[in-house]
Structures are given as structure tokens and as C-alpha cells.
């Protein structure tokens, strides 16, 4: 359940970013995707029940995380403002039929909004320069640029970020999405919550941010980090060295959030930090 440490309506008029993708460390931690989804759902619910809204940059696979978040928002979203922004980079919304975009918006109804972005990260109508059939982007460099534009849009339209899991390989951007979103969030001076107990890129970010991660030894069987990944982590370390992580949490709480895989404990810790950061202040 949501922690009582989060004051009622503490997040009203606040929009928070949620960054997540499946972690490659689940099996070696004795966890499975069901545990991961439970924790992700808990993070989404604590924001919604606290009166806030979410922004999410993802894909539209039928059984993916976007679909799960839509279900959470339809169930727990309240108020007149959209509780979820589903932000789609140019290369993402162009790879699905136009009817899929419309069906996702219909499913969200008044609870959310599908935001399609152009190559530069500006909002456009879904039907811009296309008909029903997908028109995929084929240039890898352009895909990376468009994904970065989407992430800048996300950080520019949120006031903090919750992060969990995250892939280390197979990414299409200039670096893994969670690493780039964490870097942009830190540079913006926004609160960042690293629920690193499920490993993945979030654990790497936590280590780069100076949190104790000795409980998760490196996976020596995994491939070496790609240069862009390593560079992103080094940039995160540099930003945190100049300006400490903003979270509203004590060092002990930050350390606990960086190692626990228990959804209820994650919710209590994040609720505590959000309450301290946002209680009694106006939002967007």
C-alpha cells in the first residue's frame, strides 16, 4: 500500500517521469518479470494515488510495459487532467499502424494522452505525413537522434523521475534510454529515485551516482559495456560529483532504495522522498 508518509495530494499538479525496461539481472537475483512488474505498478500507483500524473516514453507492444501502465492509469487515475502521457518518438510511432495509435488513445480515454513527436521532439498530430500503414525510420543515426529528442521532451515536461530495471544492450539510442534520461534529469536538478534492487541499468546508474552497490557483483559473463554506455555513466558520475543527488531521502534511505526488491519498501521510500520534495509547494 501507499506509505502514509506521503501527504494527501502531495503530488497534485505534479507530473513525474517513469523510466523502466526489463532488467537482464532478474534471473541471477532470483527474481522474475512478475516481481519486476509488481514493483513498477507500485511506483505508478503511489504517484497516481498521491494526486500526481506520469509521463512515459515507450513502445506499443500488446503485452509490453506501456499496456500495463495504461491499465494502472485507467484504474487509479483521478481528476480532470490526463494521468498519463505516453510520449512516442518519431521512429516509434512511425513503426505502428495509425489505427494502433488511435486505439491506444481510445483505451486511455480521459485518463491519458498519446503524444507523437516529430524528429526534433515537437508535438505533432499522429497522422502527419502518413496514412494507415507504418512508415518505419531505417537510419540508425536518425533513430538515435529522435530518441534523444523524445527524452529531452520528457524531462522538460516532468519535475522528477522514478527509475527501475533497464537494459544494457540492444538499445537504439546513443546510449541506453535509462542512462540518458537519468543524465538529463540530473542536469535539470530534478529529484531522481533509483529503485536499483532489480539490477539492470538502474543499478549501474546508482553505482555511478556513488551509492553502495556491493550487494550486486558485476556480471562477468555479460558483454563489456558499449562505449556510449560507459561514457553516459561517467557523465552521471561527474554531474553527481558537482551536485549531490536530489531526492529528499537520507543516505540510509537512498542505500535501502538502491538494494531492495520489495515493492512495498520501494513505495515507502519513494513516497517519503517525494513528500519531502514536493509537500507544500505548487506544481505545474
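What follows draws every value from the coordinates through simple rules; no lab data is involved. Just so it is clear, the structure is predicted and the values come from calculations on it, not from any experiment. Every residue, glycine as well, gets a Cβ built from its backbone with ideal geometry; the counts of neighbours run over all protein chains shown.
Some observations on this one:
- Each label was represented as a point 7 Å from its Cα along the Cα-to-Cβ direction; for residue 28 and residue 129 these points are 4.3 nm apart.
- Three semi-axes describe the equivalent ellipsoid of the range 44-155; taken as square roots of 5 times the Cα gyration tensor eigenvalues and ordered largest first, they are 25, 15, 12 Å.
- Length-normalised contact order of the range 15-273 in % [C-alpha pairs under 8 Å, at least 6 apart]: 21
- Anisotropy class of the chain from Cα gyration tensor, a/c 1.5 cut: oblate
- Legend: ranking of residues 99, 264, 148 from fewest to most surrounding C-beta atoms inside 10 Å; resulting order 99, 264, 148.
- Sequence of 181, 123 once ranked by neighbouring C-beta atoms within 10 Å, starting from the fewest: 123, 181
- Convex hull volume per residue in cubic angstrom - Cα atoms of the range 104-192: 135
- Of the two radii for the range 129-266, the radius of gyration is 1.01 times the Kirkwood radius, both from the alpha carbons; that is the Rg over Rh value.
- 76, 193, 153 arranged by Cβ crowding within 10 Å, fewest neighbours leading: 76, 153, 193
- Candidates 50, 273, 173, ranked by Gaussian network fluctuation over the chain, Cα under 10 Å, top entry: 173
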